[in-house]
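What follows is a set of notes on a single structure, which appears directly below.
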Amino acid sequence: MANAKIIQEKQEAVKVIADKLASSPSAIVADYRGLNVAQVTELRKQLREAGIEFQVLKNSLVRRATEGTEMASLNDVLSGPTAVAFGGEDVVAPAKILNDFAKKNEALKLKGGVLEGQVVDVAQIKALAELPSREGLLSMLLSVLQAPMRNFALAVKAVGEKKEAEA
């Protein structure tokens with residue numbers, strides 16, 4: 001009877017993982033082996049502040065959660081200790097935080113991930129992490145949109161100053 005209870009608990013855990021992978025805009029898989037408690041605590045704090053859930057998961061449960069889905073190729077990176085950062089609203093945030101942390105702490109190794117339902121490799125995660133933040137991209141867009149108006153205003157001002165100088 002206890003065996004049936006354990007199987008049911010594992011099935012529920014697999015369902016929760018599958019739901020998180022399907023509903024999260026991004027999920028980054030990392031190997032945390034070699035990080036000390038203080039480093040893991042700091043990483044969890046940074047992720048929590050960004051609204052990202054960070055969980056250590058059993059590889060076998062993640063494999064079962066991805067079976068028969070588009071994310072099945074994620075199983076190729078599931079070896080050794082595995083932690084998954086499930087992103088919230090900001091797709092880039094988990095990649096950016098984990099990549100920055102990995103630069104400072106060589107023990108953290110990015111393995112791969114899922115970005116909007118598609119499995120991505122480490123190179124794609126690092127490219128995503130190098131993108132400017134959402135606020136930075138919005139300010140760049142605003143600057144591009146303002147440039148024509150600013151140039152037009154400067155041209156009108158120059159024409160006005162020229163007419164004044166001629167008069």
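Does anyone have the angle between helix 134-166 and the longest principal axis of the chain? Alpha-carbon axes, 0 to 90°, nearest 10? Roughly 0 degrees between the two axes.
A straight line joining the Cα centroids of the range 79-153 and the range 34-63 runs 17 Å.
Ligands, DNA and RNA excluded, the heavy atoms of Asp76 present near 130 Å² of accessible surface to a 1.4 Å solvent probe.
To the nearest whole percent, what portion of all C-alpha pairs in the chain is separated by more than 25 angstrom? Roughly 45 percent, rounded to a whole number. In the chain, helical runs assigned H by DSSP with n ≥ 4 each contribute -39500 (n - 2.57); averaged across all residues and rounded to the nearest 500, the mean residue ellipticity at 222 nm is -19000 deg cm²/dmol. Spin-label pair Arg33-Val144: with each label point 7 Å from Cα along the Cα-Cβ axis, the two points sit 4.3 nm from one another. Among Leu137, Asn36, Thr66, which residue has its Cα positioned farthest towards the positive end of the charge dipole of the chain, with +1 placed on the Cβ of Lys and Arg, -1 on the Cβ of Asp and Glu, and the dipole taken about the Cα centre? Projecting each Cα onto the dipole axis, the largest value belongs to Asn36. In the full protein context, the chain carries 63 Å² of accessible surface per residue, based on a 1.4 Å probe and ignoring ligands, DNA and RNA.
Across the range 36-135, the relative contact order, built from alpha-carbon pairs under 8 Å that are at least six residues apart, equals 26 percent. Looking at the range 79-147, which GluC sites (Glu not before Pro) are DSSP coil and have at most 12 other C-beta atoms within 10 Å of their C-beta? Loop-located and lightly packed - Glu89, Glu106, Glu116, Glu130.
Per atom type, the chain shows carbon and sulfur on 58% of its accessible surface, probed at 1.4 Å. Distance between the pseudo-spin-label points of Val156 and Lys10 (7 Å out from Cα toward the beta carbon): 7.2 nm.
Roughly what angle does helix 37-49 make with the longest principal axis of the chain, taking Cα atoms, 0 to 90 degrees, to the nearest 10? Helix 37-49 sits roughly 50 degrees off the main axis of the chain.
The values are calculated or read from the model by the stated rules, or taken from the named source; none is laboratory data. All values reported here derive from a predicted model rather than from experimental measurement. As a convention, Cβ positions derive from the backbone with ideal geometry for all residues, glycine included, and neighbour counts pool all protein chains shown. Side chains included, ligands, DNA and RNA excluded: accessible areas come from the protein's heavy atoms. Shrake-Rupley method; radii C 1.70, N 1.55, O 1.52, S 1.80 Å.
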